[in-house]
Amino acid sequence: LVLKDGKKMSTRGGGVVKLYDVLDNAMKLAYEQIKLKNPNIENIEETARKVGCGAVVFNDLKNHRTLDYDFDMEKMLKFEGQTGPYLQYTGVRIASILRNNTYDMNNIDSCLFANDIYFELARSIGEFKSVVVRACEENAPSVIAKYLLGLAQIFNKFYANIKINVSNEKVRNTNFMISHATRVVINEGLRLLGMEYVEQM
C-alpha cells in the first residue's frame with residue numbers, strides 16, 4: 001500500500017494524486033532546491049526534470065513490492081538520506097573530482113587496498129554483478145536500489161576520510177580509478193532503475 005500521512009491512499013475514497021501532478025510537483029521542488037544550492041548551473045530545467053522524476057521512481061523502487069510505504073514528496077527529494085537525489089548527487093560529486101583530471105590505471109598502488117576503507121569500497125563495487133543477478137531472479141529492483149545506497153554511503157565515507165587528489169602519482173591514480181569505478185556502477189544502477197544521472201546539481 002502507498003500511504004499518505006500514515007493513511008491508505010484509496011481510489012474509491014478519492015485519496016489519490018495523479019502521476020502527472022506528482023511528477024510536475026517533483027520537478028518544481030527539485031528546481032527550487034538545485035537553484036538554492038547551485039544558482040549558476042546550466043540547463044537547470046533539464047537537471048530538475050532528471051532529479052524530480054528520478055526521485056519519484058527511486059522512492060517507489062527502493063521499497064520491496066510487498067511492503068507499504070509512505071508518500072512524502074519533500075522527503076524523497078532531499079539530497080541526503082535514502083533518496084534518488086542522494087545517489088545522483090554522489091555521482092555529481094565524483095564527476096567534479098574527476099573533471100579535468102586524468103589517471104593511469106596501470107600505475108596504481110595496490111597496497112592501498114589493505115586499508116579497510118579502500119577494501120570496503122572495492123568489495124562493494126565488486127558486488128554489483130551479483131546484485132543485478134539477484135534482483136533479476138527475485139524480480140526485485142529494490143535489491144539494486146538498496147545496494148546503490150550502501151555503495152554511495154561507503155564512497156562518501158571514503159571521500160570524507162581520504163584526500164583524493166594527492167601529489168603521489170600512484171596514490172592519486174588509485175584514488176581516481178576507484179572513484180571512477182564507483183561512478184560507473186552508480187550510473188549503471190540508476191539506468192537499470194529507469195533513472196538518469198546528471199553532471200551537475
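The values are calculated or read from the model by the stated rules, or taken from the named source; none is laboratory data. Note that the structure is predicted; figures quoted are calculated from it, not measured. Virtual Cβ from ideal backbone geometry, glycine too; neighbours counted across all protein chains shown. The area values use the complete protein model at the heavy-atom level, side chains included, leaving out ligands, DNA and RNA. Shrake-Rupley method; radii C 1.70, N 1.55, O 1.52, S 1.80 Å.
On the given criteria, is Ile186 aliphatic (A, V, I, L, M) and either assigned to a helix (DSSP H, G or I) or touching a strand residue (DSSP E or B) at 6+ places or on another chain (Cβ under 9 Å) (or both)?
Details: aliphatic (A, V, I, L, M): yes; either assigned to a helix (DSSP H, G or I) or touching a strand residue (DSSP E or B) at 6+ places or on another chain (Cβ under 9 Å) (or both): yes.
Yes: the conditions hold for Ile186.
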Margin query: Would you confirm whether or not the range 166-178 contains a residue that is among the hydroxyl-bearing types (Ser, Thr, Tyr), touching a helix residue (DSSP H, G or I) at 6+ places or on another chain (Cβ under 6 Å), open to solvent by less than 40 Å² (accessible area, probe 1.4 Å) and within 25 Å of Gly54 (Cα to Cα)?
Written below: no
Margin query: Looking at the range 64-85 only, could you name the residues that are assigned to a loop (DSSP other than H, G, I, E, B) and open to solvent by less than 40 Å² (accessible area, probe 1.4 Å)?
Written below: Phe71, Leu77, Phe79, Gly81, Thr83
Check: Can you name the condition, by its number, that Ile41 falls short on among (1) open to solvent by less than 50 Å² (accessible area, probe 1.4 Å); (2) at pLDDT below 90; (3) more than 19 Å from the chain's Cα centre (by Cα)?
Finding: (2)
Margin query: Please go through (1) in a helix (DSSP H, G or I); (2) out of contact with any helix residue (DSSP H, G or I) (no Cβ under 6 Å at 6 or more places or on another chain); (3) in contact (Cβ under 8 Å) with a residue 12 or more places away in the chain for Val51 and return the number of the only condition it doesn't satisfy.
Written below: (2)
Note to self: If I go through the range 105-139 residue by residue, how many of them are open to solvent by 70 Å² or more (accessible area, probe 1.4 Å) and touching a helix residue (DSSP H, G or I) at 6+ places or on another chain (Cβ under 6 Å)?
What the structure shows: 3
Next item on the list: Collect the residues in the range 125-146 that are more than 14 Å from Val184 (Cα to Cα) and of a type outside the set (Val, Ile, Thr), keeping them in residue-number order.
Entry: Ser130, Arg134, Ala135, Cys136, Glu137, Glu138, Asn139, Ala140, Pro141, Ser142, Ala145, Lys146
